[in-house]
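The values are calculated or read from the model by the stated rules, or taken from the named source; none is laboratory data. Not measured: the values here are computed from a predicted model. Methodologically, a virtual Cβ is constructed for each residue, glycine included, from the backbone with ideal geometry; neighbour enumeration extends over all protein chains shown.
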2 protein chains.
Amino acid sequence: MTPPNDTAMPDFRPSERTRIKRLNQRAVFDRKTVYEILDAGLMCHVGYVIDGQPYVTPTAYWREGDRVYWHGSSASKMLRAVEKGIDVCFTVAHLDGLVLARSGFHSSINYRSIIALGVAEKITGEAEKTAALEAFSERLTPGRWAELRPIQKQELKATTVLSMKLEEVACKVRTGPPGDDEEDYALDVWAGVVPVGTAIGAAEDDPRLNPGIAQPGYLKQVKIG
Amino acid sequence: MTPPNDTAMPDFRPSERTRIKRLNQRAVFDRKTVYEILDAGLMCHVGYVIDGQPYVTPTAYWREGDRVYWHGSSASKMLRAVEKGIDVCFTVAHLDGLVLARSGFHSSINYRSIIALGVAEKITGEAEKTAALEAFSERLTPGRWAELRPIQKQELKATTVLSMKLEEVACKVRTGPPGDDEEDYALDVWAGVVPVGTAIGAAEDDPRLNPGIAQPGYLKQVKIG
């Protein structure tokens, strides 16, 4: 499954609900940026409402074309609620740095975030479900899917896969050094950025790994953040 | 402001809404674990509802005693909604690893997460607000607050600080190697864990830093994740 390269599609236009009201310079909506931010992440936060109470569930996700996907046990409270077609807020945020200004007030964080509003759809066909799960596996560890035993019918049945079209999307990004009050630049206090990123460690063999199985090359390609 | 060491308080008991229904072995609710997971993080995801639509806003947070805090511009849509006392879901999640099992079905992620339901309160007194902001600064960069110029009245006014008591809390943790189907352990496919963590980079001086200001020692103590 080759991810379509469709950043040539129109950029996202702010709706009444996704317009960034403050700090407008931090709001970007171009499709390429949105896709890059989504493709850099592994964990999203899905917001939904049950009996008036908001819930925010962290879960793994992936993107294909103009859709995001997430999945889990068919018994999951989140998935059972969201698959009914209720309103969802899908959020991804990457922390990129501490911005230490010369005042507490102008101290901030560097980050990239996507907030998408919409309604999720359940993927029902066995082939479509399998293809979606394969895409998720291949995005993280290209080549691994073919090494695994085929997914079984009852495993597919026990797995719910949802997808949501990216339509109402807000994207916020902050980069760069602090923006201090002009008179504060004279202060003799250190200011700058402490970068924060995601570290991928050396793969750890399963204690029950069969002897003679080397670590596959795709483990070195895992990239998140 | 010394953070109270109150892990001697009673542990969290699951409510109807926070009971972990599946994979019960992953649910832990002891106060010490909850506080450790919260103190390891910097970015939370706050869920709230406006006109029936759920929103999930990523924002910086901190913990003091049995409360979590977050803050921002008084003009923030999230803060203006949440300060009214509406129902909130406060979620923190740390991604700790990719769990690559011998089947796609048992592949998973290692993580630590906290989901807290409640209602936030606005901190109104100038002294209380300043103390809360100091606690946030000191949690990240101990000793820096005293180096900064004092926060100004109008800056305090332009900043909203909210706090929420930790009462209805769910905590989920997955650690360790894959749990494969017994017959799959015979397969000659690599399995194990790819650790994921947070990397703190070398601090970058502000391009406008006054000459002769060295990087303070507390920059080396920044720890997130």
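The residues of region A:114-154 that are of a type in the set (Gly, Ala, Ser), touching a Lys or Arg at 6+ places or on another chain (Cβ under 8 Å) and in a strand (DSSP E or B) amount to a single one, A:GLY118. Taking the listed residues A:ALA131, A:ALA127, A:ALA60, the one that is more than 11 Å from chain B (Cβ to nearest Cβ), surrounded by fewer than 22 Cβ atoms within 10 Å (Cβ to Cβ) and either in contact (Cβ under 8 Å) with a residue 24 or more places away in the chain or under 21 Å from the mean Cα position of the chain (by Cα) (or both) is A:ALA131, with no other qualifying. Within region B:63-80, the set of residues being within 11 Å of chain A (Cβ to nearest Cβ) and farther than 27 Å from A:VAL119 by Cβ comprises B:HIS71, B:GLY72, B:SER73, B:SER74, B:ALA75. Taking the conditions (1) crowded, with 19+ Cβ neighbours inside 10 Å; (2) without any contact (Cβ under 8 Å) to a residue 40 or more places away in the chain; (3) out of contact with any helix residue (DSSP H, G or I) (no Cβ under 9 Å at 6 or more places or on another chain); (4) not acidic (Asp, Glu) in turn, B:LYS84 satisfies each one other than (1). Taken over region A:158-167, the residue count meeting the criterion of being of a type outside the set (A, V, I, L, M) and within 11 Å of chain B (Cβ to nearest Cβ) is 1. Of the listed requirements (1) at pLDDT below 95; (2) facing chain A (nearest Cβ under 9 Å); (3) crowded, with 19+ Cβ neighbours inside 10 Å, B:PHE12 misses just one: (2).
Of all the criteria given as (1) more than 8 Å from chain B (Cβ to nearest Cβ); (2) closer than 26 Å to A:TYR69 by Cα; (3) surrounded by 13 or more Cβ atoms within 10 Å (Cβ to Cβ); (4) not hydroxyl-bearing (Ser, Thr, Tyr), the one not satisfied by A:GLN221 is (3). Within region B:35-51, the set of residues being in a strand (DSSP E or B) and either crowded, with 22+ Cβ neighbours inside 10 Å or β-branched (Val, Ile, Thr) (or both) comprises B:CYS44, B:HIS45, B:VAL46, B:GLY47, B:TYR48, B:VAL49, B:ILE50.
Scoring A:ILE151 on the criteria (1) over 30 Å from A:LEU117 (Cβ atoms); (2) more than 7 Å from chain B (Cβ to nearest Cβ) leaves a single failure, condition (2).
Taking the residues in region B:25-57 that are among the charged types (D, E, K, R) and more than 22 Å from B:SER15 (Cα to Cα) as candidates, determine which candidate is farthest from the other protein chains (Cβ to nearest Cβ). That would be B:ASP39. Quick check on B:GLY176: is it assigned to a strand (DSSP E or B) and facing chain A (nearest Cβ under 10 Å)? Answer is no for this residue. Starting from residues that are within 7 Å of another protein chain (Cβ to nearest Cβ) and surrounded by fewer than 13 Cβ atoms within 10 Å (Cβ to Cβ), keep the ones in region A:179-207 and report whichever is farthest from the chain's Cα centre (by Cα). Among those that are within 7 Å of another protein chain (Cβ to nearest Cβ) and surrounded by fewer than 13 Cβ atoms within 10 Å (Cβ to Cβ), it is A:ASP188. The number of residues in region A:52-91 being out of contact with any His (no Cβ under 6 Å at 6 or more places or on another chain), of a type outside the set (D, E, K, R) and part of a strand (DSSP E or B) comes to 17.
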